[in-house]
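Have a look at the structure below, then the notes.
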């Protein structure tokens, strides 16, 4: 597609860059194209569960055989001689492996998939990644992320800093000598927030100096939205209110959320509510499937509701095939489940949002149920895009289950934010 050709050309012309095209627009394919066109020795670093997906994509797009090594264990990586391969694929957790400096030294081209995993400049793996790029300066660096900003503009700092290490940067604009606090002070609004004991802290939020940020990103960043380049089908959303005995403390949770717009109110309350509505979610799912809705995906922010929903569906209709995707599931099992779903062999996937919100294509069905959304709307938007993406030929229906009362207000607030993020994130 034209926008994909544009992305490939941009990545070829700008050696260190951020490809922030919307989820589902083919960032993986674009990076692979750059790798193959330049015949680069390529190091791909991605979330562990995406390693096999990258291998499949390379094999699909390469006209000639490519020697690919997928690192599955730390021991394999430690003993690896990268000179025997064209592509090495590993995960972020291996960034502190003692053989990693050799890999960066070997690579002409480094690709960081879901690069927002590197946004925390204080995290060990982020520091390690910066260190390797700064020391070894590969010919090319592509940072892929459909959601480079998950909470605030400050999330940009680490990624823009990485693009600033480019020795071939012709824009003359970088972040050399600019600290995280300096960056946030320049591009974010700020307020003081009490932290107890009479003390306060500075909180950055929002965006200011838009033109300055655009100037900083020039030649480093490409973004295209799905709504602008694809004829995606419409989205229909509905909050499903269930009548359960609500916890009075939900009132306090709503007040806290409304006043501070924090993305994490009392976790105990949220989890309890998620468990409380899980049986209703199971009923809703069975009703849809019995009515001929076709396969569907159910998301929860917690593991316990996943188990309850799966058991509930199986009790009500033992003929349905239900599979779970949660943290800790093996890469091979995850791939087997998603492949079976695509082939029509699985009726329902019940998944936690952190485990399934990225790297999956689940367009075989067009219905999503959120048993309990994350309080981070960007994560919900990512989960939503598993279904509402390239290949989807039907309108997408999304249902948000919420107990009657205060909690439904939180859900509706999150829905509003998700819509904005999906369209302009």
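The values are calculated or read from the model by the stated rules, or taken from the named source; none is laboratory data. Everything numeric here is computed off the predicted structure, so don't read it as measured data. Virtual Cβ from ideal backbone geometry, glycine too; neighbours counted across all protein chains shown.
For this structure, a couple of remarks:
- Residue check, residue 206 touching a residue at least 40 places away in the same chain (Cβ under 8 Å), farther than 30 Å from residue 371 by Cα and touching a strand residue (DSSP E or B) at 6+ places or on another chain (Cβ under 9 Å): no
- Applying the criterion of being out of contact with any strand residue (DSSP E or B) (no Cβ under 7 Å at 6 or more places or on another chain) and part of a helix (DSSP H, G or I) to the residues of segment 290-311, the residue that is farthest from residue 353 (Cα to Cα) is 290.
- When residue 274 is tested against (1) at pLDDT 85 or above; (2) part of a helix (DSSP H, G or I), just one condition goes unmet, and that condition is (1).
- Residue in segment 71-89 that is closer than 23 Å to residue 119 by Cβ and under 18 Å from the mean Cα position of the chain (by Cα) present: no
- Filtering segment 71-109 to residues that are without any contact (Cβ under 8 Å) to a residue 40 or more places away in the chain, surrounded by fewer than 18 Cβ atoms within 10 Å (Cβ to Cβ) and not in a loop (DSSP other than H, G, I, E, B) leaves 74, 75, 76, 78, 83, 84, 101, 102, 105.
- Residue in segment 207-214 that is at pLDDT below 85 and either more than 22 Å from residue 7 (Cα to Cα) or surrounded by fewer than 14 Cβ atoms within 10 Å (Cβ to Cβ) (or both) present: yes
- Strands (runs of 3 or more DSSP E) contained in segment 340-425 and holding at least 1 residues at pLDDT below 85: 396-403
- Residue within segment 194-202 that is surrounded by 17 or more Cβ atoms within 10 Å (Cβ to Cβ) and free of Cβ contacts under 8 Å to residues at least 60 places away in the same chain present: no
- Leading residue by the ranking (surrounded by the fewest Cβ atoms within 10 Å (Cβ to Cβ)) among those in segment 361-383 that are over 22 Å from residue 308 (Cβ atoms) and touching a helix residue (DSSP H, G or I) at 6+ places or on another chain (Cβ under 6 Å): 364
- Boolean, residue 164 is under 20 Å from the mean Cα position of the chain (by Cα) and at pLDDT 85 or above: no
- Identity of the residue in segment 315-337, assigned to a helix (DSSP H, G or I) and either touching a helix residue (DSSP H, G or I) at 6+ places or on another chain (Cβ under 9 Å) or in the same structural domain as residue 53 (by TED's automatic domain parsing) (or both), that ends up modelled with the lowest pLDDT: 331
- Of all residues in segment 360-398, those satisfying the criterion of being within 15 Å of the chain's Cα centre (by Cα) and under 26 Å from residue 292 (Cβ atoms) are 360, 361, 362, 383, 384, 385, 386, 387, 388, 389.
- Positions within segment 38-56 being in contact with a helix residue (DSSP H, G or I) (Cβ under 8 Å, 6 or more places away or on another chain), under 16 Å from residue 114 (Cα atoms) and not in a strand (DSSP E or B), in sequence order: 47, 48, 49, 51, 52, 53, 54
- Selection of segment 1-28 for residues being in a helix (DSSP H, G or I) and either in contact with a strand residue (DSSP E or B) (Cβ under 9 Å, 6 or more places away or on another chain) or surrounded by 17 or more Cβ atoms within 10 Å (Cβ to Cβ) (or both) yields 3, 4, 6, 7, 8, 10, 11, 12, 27, 28.
- Residue within segment 160-183 that is under 29 Å from residue 374 (Cα atoms) and either without any contact (Cβ under 8 Å) to a residue 40 or more places away in the chain or exposed (fewer than 14 other Cβ atoms within 10 Å of the Cβ) (or both) present: yes
Yes/no matrix, rows are residues, columns are (1) touching a residue at least 60 places away in the same chain (Cβ under 8 Å); (2) surrounded by 21 or more Cβ atoms within 10 Å (Cβ to Cβ):
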{"site": "283", "(1), (2)": "no, no"}
{"site": "287", "(1), (2)": "no, no"}
{"site": "292", "(1), (2)": "no, no"}
{"site": "297", "(1), (2)": "yes, yes"}
{"site": "305", "(1), (2)": "yes, yes"}
{"site": "313", "(1), (2)": "no, yes"}
{"site": "316", "(1), (2)": "no, no"}
{"site": "325", "(1), (2)": "no, yes"}
{"site": "336", "(1), (2)": "no, no"}
